[in-house]
Amino acid sequence: MLVASPDGTLRLPALATAHSHAFQRALRGRAQRPAAPGHDDFWSWREAMYELASSLTPESIHDVSLVAFRELASAGVRTGGEFHYVHHQPDGTPYDDRTILADAVIEAARRAGLRIALLRVAYHRAGPGRSAEPGQRRFCDADVDDVLRDVEALRARWSSDADVVVGIAPHSVRAVPPSWLLPLRDYAAGHAMPFHMHVAEQIREVDECLAETGRRPLELLADHGVLSDRFVAVHATNVLPHEARLLGSARSYACICPTAERDLGDGLADLTMLRTAGVTLCTGTDSHVMTDPIEDLRSLETNERLRTRTRVTSRVPWPAEALWRAGSIDGARACGFGGAGGRVVIQRGAPALALVHDSVLLDAIVFSGDKGLIAAVEPGS
């Protein structure tokens, strides 16, 4: 995996972030102070996010996305999975060009030199039995066929660009009614498209799904035949062992977003359980509260050490190699690309690698390095 060159540089597969909300890059620093006493949680953070989302225009979402994607590119990322859910005007009225915001995000990614999987989000409601809140209206479609028409339009518009993949992303079991799952699944399966979904990020989401359907989120998705080797469960924070086995038996992915999840106080997913069940792990930047994909991939091990109070949790002979693969090749494949799409260049003489023996270079890069090690990204196969 690690290739050393005579010129003193090192090359590794280019990094990937399989879950991104690029517009949230503009939220950085704006949601870190206490809100009302006792009310700081994911749901209070979400109000700040809605305020930002309501202000976006086609021009500003392009500009914010360009900042986010250029920062990713400078950190060694070649592939991004953009979980895109800002579709319409602030009052929910579609633009004359229904995909204008999605196209603006794709164009920003291409300008930044990224390959992008535009994961067109399906969103319909605030939760079981609740219509969309004002801050959600521009995310929502009245009918699942509206979602699929937009997906068709995006696929047609970008079909000639090998660096653009279009996928489908039901937002979550709270935002998408169960009746939408089958048509979305069937379309994605019929076109071999990535199928991503927020899954069990919050306990409230699990409780509401149980109340509506009598099933936990992954149980519901399995009942509807959604799980496959193209399915990516984002976060998977509150998953039980039998649900992990459902994911693993379907050869599905779980995308863990450590820097965002710790910022939101989501909790720690049981990664040992997911690995044991055969789930392929990948990583995401999510809210762009910080951009360091090496920190994200490293956290698949270090967060699990904290959760289990165990020194080393990975049981493979080369943990660093497995972690880099999760943050690069596996993330790219979760986004519908065949491989990493290039290599990152690291200077052997970087201060962080001083005194490090050649035999443990990758270990030092993964467990002691950061995005500052990345000198360049070389596109390729």
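Let me confirm something: among D96, D41, which residue is free of Cβ contacts under 8 Å to residues at least 24 places away in the same chain and charged (D, E, K, R)? It is D96.
In region 107-122, the qualifying residues are those that are surrounded by fewer than 23 Cβ atoms within 10 Å (Cβ to Cβ) and of a type in the set (G, A, S), and the one that is farthest from A14 (Cα to Cα) is A112.
Only one of the numbered conditions (1) assigned to a helix (DSSP H, G or I); (2) surrounded by fewer than 20 Cβ atoms within 10 Å (Cβ to Cβ) is not met by R185, and that is (2). The residue that is nearest to V164 (Cα to Cα), among those in region 325-381 that are touching a strand residue (DSSP E or B) at 6+ places or on another chain (Cβ under 7 Å) and of a type in the set (V, I, T), is I329. Restricted to region 238-290, and to residues that are among the acidic types (D, E) and modelled with pLDDT under 95, which residue is surrounded by the fewest Cβ atoms within 10 Å (Cβ to Cβ)? Looking at the filtered set, the residue picked out is D263. For region 62-114, filtered to residues that are in contact with a Leu (Cβ under 8 Å, 6 or more places away or on another chain) and polar (S, T, N, Q), the residue that is nearest to I294 (Cα to Cα) is T79.
Restricting L306, L362 to residues that are assigned to a helix (DSSP H, G or I) and touching an Asp or Glu at 6+ places or on another chain (Cβ under 8 Å) narrows the list to L362. Does V176 count as assigned to a loop (DSSP other than H, G, I, E, B) and modelled with pLDDT of 95 or more? Yes.
What tally of residues in region 131-161 results from selecting those that are surrounded by fewer than 17 Cβ atoms within 10 Å (Cβ to Cβ) and of a type in the set (A, V, I, L, M, F, W, C)? Counting residues in region 131-161 that are surrounded by fewer than 17 Cβ atoms within 10 Å (Cβ to Cβ) and of a type in the set (A, V, I, L, M, F, W, C) gives 2.
The sole residue among Q24, Q32, Q89 that is of a type outside the set (G, A, S), more than 30 Å from A354 (Cβ to Cβ) and in contact with a Ser or Thr (Cβ under 7 Å, 6 or more places away or on another chain) is Q24.
The values are calculated or read from the model by the stated rules, or taken from the named source; none is laboratory data. Owing to the predicted nature of the structure, the values given are computational and were not obtained by experimental measurement. Quick reminder, even Gly has a Cβ in these numbers, built from the backbone with ideal geometry, and neighbours come from all protein chains shown.
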